[in-house]
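What follows is a set of notes on a single structure, which appears directly below.
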Amino acid sequence: MRRLIARMSLTLRIGLAFMLAATAVIFLTATGFYLLSKHHFEELDQHTLQEKIHSIHSLLEFYPGSAELENLRPQLHAMLGAHETLRAVILGADERILFAEPPDADLPPSYPPDNHDEHWTWQEENSFFRGAMTRAEVADETLTVVLALDITTHTLFFRSLLHWLWAGLLLCALASAALGWLVARSGLQPLRKITRRVASMSARSLSERMDISGVPAELVPMVNSFNAMLARLEDAFARMSNFSADIAHEMRTPVSNMMTQTEVVLTRERDMATYANNLHSNLEELKHLSRMIDDMLFLAKSDNGLTPVRPQTLALHDLITKQLDYYQILADDKEIAIELTGRGNIQGDPLLIARVISNLLSNALRYTPSGKTIRISLNSAQEGVQLTIANPGETIEPHHLSRLFDRFYRADSARHEGTPNNAGLGLAIAAAIVKAHNGRIWCTSADGQTCFHLEFPAIASR
């Protein structure tokens, strides 16, 4: 059943829901009308019977015995004969009929009833009757009064009414289904317009946005979400296009260098030393390309959640100290001091975290002026551990900060090819590794001070 409903169109679902709701309301209304009408006519019949019983009691209480009942016949005939649908029988103590109106009236087939205090109904051939019975004390004798009211007209009327109500309910259900379908189709017209608009979108129209001025209030959140998705797609598409251009830009230089050097060497016969120098030069360019390809493969795996992370408890202070053993030599050459303060433990892969720190330290050394100090601080808190690497240097413009972790992006205003040690992928790799460890990384730069902040979650307690 659920599969069948799931395959239905939204228009059909709304139309069926409208039909069911309308049919339910009509059914309840018709049922209430039928039951109330029937109850009203039953009360009228019971009132008629009770009124006649009360009148008969009033006549009988003035006579000392049933022997005098003959004197009451004219009054009884006058009182009961005016009702063509009413039959009355008065029985003596021995169940003998003392009076009948009309004269040929007999006791009902269902007499006596199971409950003497209740009215009862029965059917005789094609006629329907409602009966009532009472006892009358006359002198030393108890008389039984039995009344029968013909309710054939009412019964047949309600049977016919019931048939018409069912027929009307069926017609109303069909009409409400058709009306519901039309209403749903008209109401979903804006949704179809949005669908056609979405279907017409392409890579060339990602900059366009859907207008919400004529959109119903219920669809405004969906349109806003779609416009936000278009903005994300436009940004991702632009980044992908720039990434493709950057790949070609970065790979063109080493390939051009190798071609140029090889062509020059091949212009005439050279000695072995020249050929050897050319091969060594080509080897450096190939290593550059190999490193770039490895970095791009790493980022591709990271984008698809395929980066292998082997977490273990790491003491960041000790890990950074090991990195400084290598970078201190480069810092001493540039007369740059490096300070490390604080401690903190995280859950992470030592090789990957070491790569992040290496990328950030090499980046800091590249842009720190000679004679300045790079400060590395660790802060542990209940929420996690924060690592900050701050280096003095030229302030990065605010509009560059959000894109520093894009691949091949540089904050320099002029484009330039990467060096063998800097292809513009270091920060992107660092961001991918931090994300794989459920952390976050960001950069701030102001007043000649640039800081890279890394935040890792706290070690879960067991």
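The values are calculated or read from the model by the stated rules, or taken from the named source; none is laboratory data. Since this is a predicted model, take the numbers as computed values, not measurements. Don't worry about glycine lacking a Cβ; one is built from the backbone with ideal geometry, like all the others, and counts go over all protein chains shown.
For first residues located in the stretch 155-174 and under 25 Å from G15 (Cα atoms), partners that are of a type outside the set (F, W, Y) and surrounded by fewer than 16 Cβ atoms within 10 Å (Cβ to Cβ) and lie 6+ apart or on another chain with Cβ distances below 9 Å form the pairs L165/T31; A173/L20.
Contact map, the stretch 266-281: residues that are surrounded by 12 or more Cβ atoms within 10 Å (Cβ to Cβ) paired with residues that are not in a helix (DSSP H, G or I), Cβ distance under 9 Å, separation 6+ or inter-chain. Pairs shown: N278/R270. Pairs meeting the criteria (first residue in the stretch 25-52 and of a type in the set (S, T, N, Q), second residue in a helix (DSSP H, G or I), beta carbons under 9 Å, at least 6 apart or on different chains) are T31/L165; S37/F158; S37/L161. The numbered conditions (1) modelled with pLDDT under 90; (2) crowded, with 17+ Cβ neighbours inside 10 Å; (3) farther than 23 Å from F405 by Cα are all true for I338 except (1).
Can you report the number of residues in the stretch 150-178 which are part of a helix (DSSP H, G or I) and touching a strand residue (DSSP E or B) at 6+ places or on another chain (Cβ under 7 Å)?
Restricting attention to the stretch 150-178, the residues satisfying the condition of being part of a helix (DSSP H, G or I) are 152-178.
Filter again for touching a strand residue (DSSP E or B) at 6+ places or on another chain (Cβ under 7 Å), leaving 152, 155.
Residues that pass the stated criteria total 2.
The stretch 281-397 holds strands (runs of 3 or more DSSP E) entirely within its bounds, and those carrying 3 or more residues that are in contact with a strand residue (DSSP E or B) (Cβ under 7 Å, 6 or more places away or on another chain) and closer than 21 Å to A446 by Cβ map to 373-380, 384-392.
Would you confirm, using the coordinates I've provided, whether L143 is modelled with pLDDT under 85, more than 60 Å from the chain's Cα centre (by Cα) and crowded, with 19+ Cβ neighbours inside 10 Å? It is true that L143 is modelled with pLDDT under 85, more than 60 Å from the chain's Cα centre (by Cα) and crowded, with 19+ Cβ neighbours inside 10 Å.
Within the set H116, H57, the sole residue that is surrounded by fewer than 18 Cβ atoms within 10 Å (Cβ to Cβ) and at pLDDT 75 or above turns out to be H57.
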